[in-house]
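The values are calculated or read from the model by the stated rules, or taken from the named source; none is laboratory data. None of the values given here were measured: they were computed from a predicted structure. No Cβ is skipped: glycine too gets one built from the backbone with ideal geometry, and neighbour counts run over all protein chains shown. For the accessible areas, the whole protein counts, side chains as well, though only heavy atoms, and no ligand, DNA or RNA atoms are used. Shrake-Rupley method; radii C 1.70, N 1.55, O 1.52, S 1.80 Å.
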Amino acid sequence: MRVRPSLAALAAVGAFALVVLPGAAPAAGPAQARYEPRFESAPCPTTPRLPVPVPALQNARCGFLVVPENRGRLEGRTIRLAVAIIPAIAQQPAPDPLVHLTGGPGGVAILEAQELVDAGFNRDRDLILMDQRGTFLSEPALTCKVIDRFNRQQVGLPLDARSTRRKHVAATRKCRRDLVARGIDIAAYNTTENAADFADLRRALGYDRWNMFGVSYGTDLALTILRDHPEGLRSVILDSTVPPSVVALSEFWPNARDGFQNIFRACKAQARCRRSFPNLERTFTKLVRRLESDPVRTTVADPATGQPTPVVLDGGALANWLVTMSFYTPSFKDVPSWIAQLAAGDPQSIATLRLAQVTPPGFVGYGLTYGVICSEWVPFDSEREVLAQGRDVLPRYPRSVLAQPPQFTYNFDDCRVWDVPAAPASVREPTVSEIPTLILSGSFDSVTPLAWAYAAAETLPNSRIASIPGVGHFVAPESPCAQSVIASFLLRPDAPDTNCVATLIPPAFATP
C-alpha cells in the first residue's frame, strides 16, 4: 500500500493541516510607482538544497523575483522569491505561459514541478512556478524548527488534551519570537502582498498574458489575483477551491462531513465493500466516540528513521486522520479496511499512517501560514461557531472533538500569540469576473469539497465545474481525465471538452 505521497504533497499537508493590513498600502496606486520589481537570474536549486532530485528543473530557467517585503513601507527591506520557468515540450509553444500557485498557506511550489510536468502542464506552454513569500526556497524562508519538532512529538500525545494545546501554542509563540528577532515584518506575509507578488512577476518577466493554475490555498490566492490584479489573465484553473469570501475555520467541519459521507456512500454502493464493511459510517463514528474517552496508545516504526515511535489515537486524531487522507488519493481504496482493522482492535495501520502524515521538517513557511490564517480567516470567525457547525453536521461526535476545527487544531490559540492585525473585510469580497475559469473538485476531498467549488462559481459566470469521483485533494496529478480537461481548457478556455467526466466512477475499495 502507498502510505506516503510525494514530498511536495507532504508539504501541502503540513501547511494546510495543521491583505492589506493597517500600515500596508494597496498593491496598486502611488506607492507602487515608487518601486520596480526585478527578476534576477540564478542557478536552479539542486540537491542537497532540495530534499530529492527534481528532473523537471534540469532544463529550467531559474532566479529570484525581488520585491518589497511590505509595499506600504517601501523604505524597508526587499525579499527574494524563488522562480523556476520550465520550457514547453512543444516546438512552437503558445506565447501565454501557465503559472502555478501552490497551497498551504506555506507550501512549496517548486517541489511540485515534477508532478505538474508528469501531468502534462508544460506540453504546449511554459510552466512557471514561484515559491511564495516566506516559503522554502524564497528568502527569507519563514520556517520554524520548533514547530516541526512539536508536530513530530504531537502524534504521541492526545490531540484533544489541554496539555497538548499548551505545548502547541508554546511552539507557535517561540516561532513568532524567533522570526521577529530576525527582523521579519510578520504582518507583511498575507494574501494581498502575495497576490501583488504574482502581478509583479508577470511584469518582471515581460509577459503580456498568462494563465493561472491554483491548488488549495493557491485558489484563494488565484481568486484574489483575479479580483485585484486581473490584468493579463487569459484563463484560470482552480483545483480544490478555497473561496476567500467563504473560507473560515468553522467551515472545515461541514467540509469534513461532505468528504466522509462520499467515501462511506461509495463503499456502500459497491457490493463487495458493502458486504465486507457493513455500516462503515456508524463504525467510524463509534470509534471516534470510544477513542475520545479511551485513547489507544501504540508504538510504530517511524517511516523516515525506522525507530519505534509512540502514537496516540483519540477521537480527534482519528477524525483528523481521515480528513488528511484527502491528500493520499491512491490509498483511498484501503480506507474501509483500515477502519475495520481498528474496530477489531488492531491500530497499527492507522497509527503508522498518522505518523507518516507529519510533514518532514523544514518545508512549511509558517510565517505565511499564520500570516494568512490569523489576519484573514480567524478574525471573521469564532470558536463558538466551530463547535456549532460541528454539532450541526456531525452531532454524534464528542464535544471535545468538535471544539477544534479539523486540520487547524488550536489555531484560534495560535493566532492570539501570533498577534497580527486583522485584514480589512474587503479581502473577503467575492471575486466577480468573466475571465474563463475551470474549477476541479474531488469527490473524496474532506478539505475543500464540491460545495466550495459552487460557492466560487456563483460570481464567475464563465466558469465550469468538473467533479472527479474517487479523488481527494489536488485533483490534477491523480486524474488523467482532469488532465485531459485542463489541456482542452487551455486550448479553448470558452469551450473545453469535459466529456470524460461523465464516464468516471470511484475505484473499487480493497476487500478481504
**Request:** Please give the number of the condition Phe213 fails out of (1) open to solvent by 10 Å² or more (accessible area, probe 1.4 Å); (2) out of contact with any Pro (no Cβ under 9 Å at 6 or more places or on another chain).
**Result:** (1)
**Item:** Tabulated pairs, the range 379-401, first closer than 20 Å to Leu159 by Cα and among the aromatic types (Phe, Trp, Tyr), second assigned to a helix (DSSP H, G or I) and open to solvent by less than 30 Å² (accessible area, probe 1.4 Å), C-beta under 6 angstrom, 6+ apart or interchain
**Value:** Tyr397/Val288
**Request:** Select the strands (runs of 3 or more DSSP E) contained entirely in the range 202-312, then report the ones holding at least 1 residues which are more than 24 Å from the chain's Cα centre (by Cα) and among the aliphatic types (A, V, I, L, M).
**Result:** 296-301
**Request:** Give me a count of the residues in the range 478-487 that are in contact with a strand residue (DSSP E or B) (Cβ under 9 Å, 6 or more places away or on another chain) and either open to solvent by 10 Å² or more (accessible area, probe 1.4 Å) or within 23 Å of Glu434 (Cβ to Cβ) (or both).
**Result:** 4
**Prompt:** Going by the structure shown, is Ala187 aliphatic (A, V, I, L, M), under 30 Å from Leu205 (Cβ atoms) and not in a loop (DSSP other than H, G, I, E, B)?
**Reply:** yes
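Would the range 468-476 turn up any residue that is part of a helix (DSSP H, G or I), open to solvent by 30 Å² or more (accessible area, probe 1.4 Å) and either farther than 25 Å from Asn255 by Cα or at pLDDT 95 or above (or both)?
Of the range 468-476, the ones part of a helix (DSSP H, G or I) are 476.
With open to solvent by 30 Å² or more (accessible area, probe 1.4 Å) added as a condition, the list becomes none.
Looking through the range 468-476, none of the residues is part of a helix (DSSP H, G or I), open to solvent by 30 Å² or more (accessible area, probe 1.4 Å) and either farther than 25 Å from Asn255 by Cα or at pLDDT 95 or above (or both).
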**Prompt:** Hey, any hits in the range 432-452 for a residue that's open to solvent by 40 Å² or more (accessible area, probe 1.4 Å) and not in a loop (DSSP other than H, G, I, E, B)?
**Reply:** yes
**Request:** Taking Asp497 as the residue in question, decide whether it is modelled with pLDDT of 95 or more, open to solvent by 10 Å² or more (accessible area, probe 1.4 Å) and more than 27 Å from Val323 (Cβ to Cβ).
**Result:** yes
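Residues are listed down the side, and each one gets a yes or a no for (1) crowded, with 17+ Cβ neighbours inside 10 Å; (2) more than 21 Å from Thr352 (Cα to Cα):
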residue: Ala271; (1), (2): no, yes
residue: Asn279; (1), (2): no, yes
residue: Val296; (1), (2): yes, no
residue: Thr305; (1), (2): no, no
residue: Pro308; (1), (2): no, no
residue: Val312; (1), (2): yes, no
**Item:** Scope the range 71-88; condition touching a helix residue (DSSP H, G or I) at 6+ places or on another chain (Cβ under 6 Å) and surrounded by fewer than 20 Cβ atoms within 10 Å (Cβ to Cβ); matching residues
**Value:** Leu74
**Request:** Give the residues of the range 138-147 that are closer than 28 Å to Phe213 by Cβ and surrounded by fewer than 24 Cβ atoms within 10 Å (Cβ to Cβ), sorted by residue number.
**Result:** Glu139, Pro140, Ala141, Thr143
